[in-house]
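Structure first, commentary second.
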Number of protein chains: 2
Amino acid sequence: MKNQLTIIALAFFFWYGNVLAQEKVDLEMMYKIKSEGIGNSQIQDLSFHLTDFLGPRLSGSTNLRNARTWTADKFKEWGLSNVRIDSYGEFGRGWNVKKSYIAMKDPYYAQIIGYPKAWTDGTNGLVNSEVMLLEINSEEDFNKYKGQLKGKVVLTPANLTVNPAFEAEAKRWSEEELEERKTITIGGNVGRYTPELLAQLRAQRALDQKLTQFLLEEGVGLRITGTRGSFGTVFHTRAGSYSTEKNPTVPEMEIAAEHYGRIYRLLKNGKPVKIEAEVEVEWLDDDYRGYNVLAEIPGTDKTMKPELVMLGAHLDSWHAGTGGNDNAAGVAVMMEAIRILKAIGVQPRRTIRIALWGEEEQGLYGSRGYVQQYVADRNTKEKKGEWDKISAYYNLDNGSGKIRGIYLEGNDMVVPVFEKWFEPFHELGANTITRRNTGSTDHVAFDAVGVPGFQFIQDPIDYGKGYHTNMDVYERMQLSDMTQAAVIIAALVYNTAQRDEKLPRKPWN
Amino acid sequence: MKNQLTIIALAFFFWYGNVLAQEKVDLEMMYKIKSEGIGNSQIQDLSFHLTDFLGPRLSGSTNLRNARTWTADKFKEWGLSNVRIDSYGEFGRGWNVKKSYIAMKDPYYAQIIGYPKAWTDGTNGLVNSEVMLLEINSEEDFNKYKGQLKGKVVLTPANLTVNPAFEAEAKRWSEEELEERKTITIGGNVGRYTPELLAQLRAQRALDQKLTQFLLEEGVGLRITGTRGSFGTVFHTRAGSYSTEKNPTVPEMEIAAEHYGRIYRLLKNGKPVKIEAEVEVEWLDDDYRGYNVLAEIPGTDKTMKPELVMLGAHLDSWHAGTGGNDNAAGVAVMMEAIRILKAIGVQPRRTIRIALWGEEEQGLYGSRGYVQQYVADRNTKEKKGEWDKISAYYNLDNGSGKIRGIYLEGNDMVVPVFEKWFEPFHELGANTITRRNTGSTDHVAFDAVGVPGFQFIQDPIDYGKGYHTNMDVYERMQLSDMTQAAVIIAALVYNTAQRDEKLPRKPWN
C-alpha cells in the first residue's frame, strides 16, 4: 500500500506541480498593480464623471453619446491606442426626457414620485384630468370604457405589496454563502412553468397588448402604473419602443408604489382623483446606429500580439437614476483596471482591449453586435477573425461590491488557473472559484460562441434594492470595493496577456 | 430563619393579594373587547381615511381642518357624546402647498425629489437659474456673495452621508431588548454638551440665522438644502414660520440626499448646474386658532361620572407624506379603542374622553393648550377643574407597531396595577411594564402637571426610517399590529374607568 500511495502522491505532485509551473504569477507585477490601484486610485473621479457628470445613459440617448465621447477622450488622455467609437450596427431611436412632472390635484395637492417609461411619447403640454381606474380582465371589459378616455388620465392596476424590510437591504457574502455558491444543482428549474401557467401568462400578455392598442386608439392623455420598489425608490419596468418605425405610444409614467396605492385606494373607495402631469420628450432620429467604445494596450510579443485579452462593461443605463451600480460601477472599474496597467508601463505579450458596450439593457446589443461582427455568428456558427484570437473576456456588471471570486461558466479546465491567479488576492476577500454560470450580461455574448467569457462574484451590498431604479446613483457605488475590483481585474488581465497559452476553452462547434 | 421567612412571605402575600384584589379584571369584558376589536376591526378603514382620504395634515392646514370635521363626524356617527372641536388658543397661520416641482435642467434634465419646507413662501412662478453654492463659514464669507444672488437658486452645504443599510430597517423587539427597556440609567447624559460644544453650536446658529436674513435681503429665488434620508425618502427638517407676524421667507426646498449630493459634487467640480422649480403656496389667515377634537362615553356612576379617563393621539402630521405612522396610526388606534367600547355597550363608571390633538409637531400645542385651559398651569402650578378628576391619560405616538408594554414615567405606585391589567394580553405580545420615561409627545403635557400620562412600548417596525418623511404614508401602517393596540388600549381605558380609585399619582406641588 505504501508504495502505491507514494506513486499516486508523486503523480499528483508532478501533475499539480505542472499546472502550478505553467501558472507563473509575477509577484512583483502583482505588487505594482496593487500599489498603483490602491495608492493612486481614480475610482472616485471616474465614478463621479460617469454618473453625476454624464447623467443617465439610456440606450441611444444624448447622454450616452456624450459618455462615449468622454470615455474615449479619457482613454486617449491615458495614452491608450486604437481608441475608437465603433458601430456594431443599427440600434434604433434615441429618446431624451426634457420635462417630467406629476402630482395629484384632487382631493388635495400631493407630489408624486414618477417617471416617464422609456421611449414613450410626451403629453404635449399639461394634462389635467380626473383619473379613470381601468380594470380589464377580459375582452368584454373594453366596452365599459370605450369612447370615454379621450385626454383622460388612466390608472391600470398593478399587483404590488409593500412590506417592511425585516432583513437588511445591504449585505456581504459570508464564507458559508460563498461556499454555497460553488454548488451546482442540475435540473432545478424543471416544471417551473406548467402548461397551465404558460397559457395563463400568454392570455394575460395578449390582453395587455390589446389594452395598449386600445388606449392609443382612445386617445388617452396619460397612463400611470405602479411599479416595484418602496420608500421613494421606483423600479423601471417595460418601456415603449425605440423602433425606427416610430409607432406612437400613449404617454405613460410609472410611479412609486405608495403613490400608486393611494390613487388606487381612493378610486376604489369612490373618491375622485385629479392628476396634473407634463412629460416632454425629445426623439433622436439623426443616427440609429449603436456603438461600443474600444481602446487598447497593444501587445508586444511578435507572435502573440494579434491575440487579445478583453475586458469590458456596459456604458448604457436606465434613465431615471444615473446608472451608478448598473453599470457606471463596472465601467469605472474596467477603465481603472486598464489605466493601472498603462500607468505601470505594462508591455503585454497579447493585446489588451477594453470595450464599453452600448445598449446592454435592451438585449446585450453592443457585445452581441461586436461578437457578430468580429468573433463568430452564434446562429450559423461561422467563425470570424477574432474567434481564435481572444484568450478571455472579463466582464463586470453586478454592482459596485468587491470581488469575492469568479464564475467559470462550467469551464473545468480553467479552474486550476484561476485558483492560482486569485492567490495574491485572498487577503482582499477574493477566493471563491466556482464552475457556476451567471447570466444576463455581456460575457454571455462571448460564452455563446465558445470564447471564454467570465463575470465575477461580487458582494451584493444594496445592488438588489437599487439597480434599475431612480435611485441607482453615485451614492450607491462602494468606492473602496471598486478599488479592490480594479486591482484584481488588472491582475487577471495581465496574467491572461502573459500566459504562454491562451486560456483553455469549452468545446464549441 | 424559617419562621422569619414565613412571616415575610405571608406579609408579602397579604400585601400583594390586596393589590390583586383591588385590580379586579372583568375577564368577560376583556373577552368582549377582544372579540369586537379583532372580529370587527375598523382599523383599515380608519387608516385609509386618515391618510389617503384626508391627506397630509400639517398644523393649521386645510387638510387638518377637514380631518377635524371628519373625525368629529365619525364620533357622532358612532354615537359618542359631547363631540366638539375645541379651541385651545392661538396657533398661527395655515399653509397649503398648491404646486411643487423641481428638476435639474443643466448639465442634463433630471427630476429631483424635493419638497417645500413648511411655511416657506412660494417662488412666484417658475424659477429658472444657475445654482450658486454658498459656503458660509464666517461673517466675512457673506461679502463673497453680496449683490450676486437676486433671483438665483442657492445651495447651502449639508453634512450628509448615505451608507448602505447593513442592518434591517424594520424590526420587532426581542424579549432581551424588552427586558433591557426596563432598566434605568441615572445621569447617563452628564457631560454630553461641553461648554466648548455649546459655544460652537451657538456660533453656528447665529451664522445660520444671519444667512437666512442675508438670503432674504439679497432676494434669492430659491434655496435648496439636502436632508437626511436615502433611496427617495426625504426627512423634514426645520421649517419657515407660522407666526401671525407674516414675516416673508426665502422659498426653500429640501431635496433627497442623493440629488443634493449630485448638485453639490457638480458645483464643487466646477460644472454649472441649472435648476427649474416652482412652488406655489396658499396662506390661511381666516382663523389663527388651534383646535382639539373631543368626544366622550359619559360616565354612569353617580359619584364618579365627573371623573375622566382620557385617551388620545395627535391629528396633525408633517406635509410631504400623509402622516401614516406619525400619527394617523395613533389616531386610528385611539378612535378604534373608543369605538370598541361604545360598540359593546360599555356603561363606564367614569367618563371616557378621547382627544385628537392639534399641532403636536410644533410643540405639543394641542395637548398643552388643553392642559393649560382645563387641568393646570405648569408654570404657576395653579390647578384647574379637571386636575383632580383625570385618572389617567393614555397616548399613542410611536408608529403603528403593536404594543409590547407601557412606560410608567417613574410612577412606582401604578406598577402592580398595570402588571395585573396586562395579564390578559401576554399572548398578544404585551407584557413589559417599565418605570422608564418616554418623551416628545402629548402624554408629557399631563405628566408635567402631575396627572398620570402614559405612552406605550411599541414594536418599531420601520418607524425610524419613515416618520417625518415624504414616505410616511398608508403603506407604513401595520394594520394587524394596530388592531392589537386598539384592543389593549380599550381594555386599559375600561379598567381605568371602572377602578374603585383613581390611579395613584406621583407627588406634584
Out of the total accessible area of region A:422-509 (probe 1.4 Å, heavy atoms of protein only), what percent is carbon and sulfur?
46
Taking the Cα centre of each part, how many Å lie between region B:126-171 and region A:402-424?
46
Cα coordinate range in the protein assembly as shown, projected on the principal axes (Å, largest first):
108, 82, 73
Once fully extended, how much extra length lies between residue A:90 and residue A:268, figured as 0.36 nm per residue of separation less the alpha-carbon to alpha-carbon distance?
59.5 nm
Taking the alpha carbon gyration tensor of region B:62-145, what are the square roots of 5 times its eigenvalues, largest first, to the nearest whole Å?
44, 19, 10
Over chain A, what is the mean sequence separation of C-alpha contacts under 8 Å (at least six apart), divided by residue count, expressed as relative contact order in percent?
23
At q = 0.13 Å⁻¹, what is the base-10 log of I(q)/I(0) for region B:257-369 according to the Debye formula with one equal point scatterer per Cα and no solvent? Please give it to two decimals.
-0.70
Just to be sure I understand the model, the point goes 7 Å from the Cα along the line to the Cβ. What's the resulting residue B:192 to residue A:137 distance in nm?
5.5
Tell me, what is the Rg over Rh of region B:369-440, with Rh the Kirkwood radius over Cα pairs?
1.04
Plugging the Cβ-Cβ distance of residue B:199 and residue A:126 into 1/(1 + (r/R0)^6) at R0 = 60 Å yields, to the nearest 0.05, a FRET efficiency of 0.70
Of the beta bridges DSSP finds with both residues in chain A, what % are antiparallel, to the nearest 5?
60
Which value in Å does the Kirkwood hydrodynamic radius of region A:356-478 take, with 1/r averaged over all unlike C-alpha pairs and then inverted?
15.7
What gaps in nm, shortest first, separate residue A:44 from its twins in the other copies when you place the label 7 Å past Cα toward the beta carbon?
5.2
Pair residue B:245, residue A:185: separation of 7 Å Cα→Cβ label points (nm):
6.8
Mean projected area, convex hull of alpha-carbon positions in region A:105-189, reported to one decimal in nm², is 12.0
Using a cut-off of 12 Å between beta-carbons, work out the net charge of the residues near residue B:384 (Lys and Arg +1, Asp and Glu -1, residue B:384 not included).
0
Calculate the FRET efficiency for residue A:480 and residue B:238 from the Cβ-Cβ distance with a Förster distance of 41 Å, rounded to the nearest 0.05.
0.75
Given A:271/B:402; B:24/B:502; A:268/B:171; B:182/B:305; A:105/B:465; A:144/A:268, which pairs have Cα atoms separated by over 24 Å?
A:271/B:402; A:268/B:171; B:182/B:305; A:105/B:465
One decimal, nm, shortest first: give the distances between the label point of residue A:193 and those of the same position in the other copies, each label point 7 Å from Cα along Cα→Cβ.
6.5
Against the longest alpha carbon principal axis of chain B, how many degrees, from 0 to 90 and to the nearest 10, is the axis of helix B:2-22 turned?
70
B from A by rotation - nearest chain A beta carbon to the axis, in Å
A:232, 1
Can you list, shortest first and in nm, the gaps between the label point of residue B:141 and those of its counterparts in the other copies, using a point 7 Å from Cα in the C-beta direction?
5.7
Using Cα atoms only, what is the angle between the long axis of helix B:329-343 and the major principal axis of chain B, expressed in degrees (0 to 90) to the nearest 10?
30
Using unit Cβ charges (K, R positive; D, E negative) and no other charged atoms, how large, in debye to the nearest 20, is the dipole of the protein assembly as shown about its Cα centre?
260
Electrostatic dipole magnitude of region A:374-509 [Cβ: Lys, Arg +1; Asp, Glu -1; Cα centre; debye, to 20]:
340
Ratio of Rg to Rh for chain A, alpha carbon only, Kirkwood?
1.03
Set the Förster radius R0 to 45 Å, insert the Cβ-Cβ distance between residue B:509 and residue B:209 as r into 1/(1 + (r/R0)^6), and round the FRET efficiency to 0.05.
0.75
I want the antiparallel fraction of DSSP beta bridges within the protein assembly as shown, as a percent rounded to 5.
60
Would you mind working out the magnitude of the charge dipole of region A:357-414 relative to its Cα centre, with +1 at each Lys and Arg C-beta and -1 at each Asp and Glu C-beta, to the nearest 20 Debye?
140
Compute the helix-to-body angle for A:257-268: its Cα long axis versus the longest principal axis of chain A, expressed 0 to 90° and rounded to tens.
20
Quote the accessible area belonging to residue A:380 in square angstrom, nearest 10, computed with a 1.4 Å probe and with ligands, DNA and RNA left uncounted.
90
Where Rh is the Kirkwood radius over the Cα pairs of region B:152-237, the temperature 37 °C and the viscosity 0.692 mPa s, what D in µm²/s does Stokes-Einstein return?
186
When the Debye formula is applied to the Cα atoms of region A:61-212, each taken as the same point scatterer, what base-10 log of I(q)/I(0) results at q = 0.12 Å⁻¹?
-1.08
Which distance in Å, rounded to a whole number, links the C-alpha centroids of region A:338-385 and region B:463-498?
58
The simple spin-label model distance between residue B:168 and residue B:382, using points 7 Å out along Cα→Cβ, in nm, is 5.3
Rg to Rh quotient for region A:287-349, alpha carbon positions, Kirkwood Rh
1.08
Report the accessible area of residue B:291, computed with a 1.4 Å probe over the heavy atoms of all protein chains in place, in Å² rounded to the nearest 10.
30
Which value, in Å² and to the nearest 10, is the accessible area of residue B:268 when all protein chains are kept and the probe is 1.4 Å?
110
Could you tell me what percent of the DSSP beta bridges with both partners in region B:240-389 are antiparallel, to the nearest 5?
45
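The values are calculated or read from the model by the stated rules, or taken from the named source; none is laboratory data. Keep in mind that this is a model prediction, so the values were computed, not measured. Every residue, glycine as well, gets a Cβ built from its backbone with ideal geometry; the counts of neighbours run over all protein chains shown. What goes into the accessible areas is simple: the full protein's heavy atoms, side chains included, and nothing from ligands, DNA or RNA. Shrake-Rupley method; radii C 1.70, N 1.55, O 1.52, S 1.80 Å.
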